[in-house]
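Here's the structure, in structure tokens; my notes come after.
The numbers here are math on the coordinates, done by the rules we state, and not lab data. Given the structure is predicted, the values throughout are model-derived calculations rather than measurements. Here the Cβ positions follow ideal geometry from the backbone for every residue, glycine too, while neighbour counts run over all protein chains shown.
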């Protein structure tokens, strides 16, 4: 009897692993300036984290209009904007926080890293100490809340 139970449990676990492995990677649409090197480095960081990324280069005016369309508060804006799983990802957000958001599904419009903090993904500078910075959530009314703190001293 015990062997049937063990076999059944193992079969369930194996089935769950196969189903999990068959899920496609999330796909993020990223909009950036064609000349921005740090944006390209961030895209590579996101791809290395297992997210498929499609990139569209836009003019500064088109990027500004896109940020306005998605309701990204001014203090949370950065140099590129991504859209994945119904959420907005603004700026140099670590892929770990993107994956966490997609797993937890918080009731927010998106997450952001305002500006371009030294040491954030895509903004690494050899020999320079990374700055501490916050990843924030924002809602459709523009309210910001800290989601994570990076490079804690």
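Things to note:
- Residues considered: 88, 98, 108. Of these, the only one that is outside any strand (DSSP E or B), touching a strand residue (DSSP E or B) at 6+ places or on another chain (Cβ under 9 Å) and within 17 Å of residue 42 (Cα to Cα) is 98.
- When residues of region 25-39 are limited to those that are surrounded by 17 or more Cβ atoms within 10 Å (Cβ to Cβ) and assigned to a helix (DSSP H, G or I), the one nearest to the chain's Cα centre (by Cα): 39
- Residue identified as over 16 Å from residue 150 (Cβ atoms) and surrounded by fewer than 16 Cβ atoms within 10 Å (Cβ to Cβ) among 50, 82: 50
- Scan region 111-147 for residues that are under 14 Å from residue 76 (Cα atoms) and either in contact with a helix residue (DSSP H, G or I) (Cβ under 7 Å, 6 or more places away or on another chain) or not in a loop (DSSP other than H, G, I, E, B) (or both) and the total you get is 15.
- Count of residues meeting criterion [surrounded by 12 or more Cβ atoms within 10 Å (Cβ to Cβ) and more than 15 Å from the chain's Cα centre (by Cα)] in region 134-144: 4
- Here residue 114 fulfils each of the conditions (1) within 15 Å of residue 30 (Cβ to Cβ); (2) surrounded by 20 or more Cβ atoms within 10 Å (Cβ to Cβ) apart from (1).
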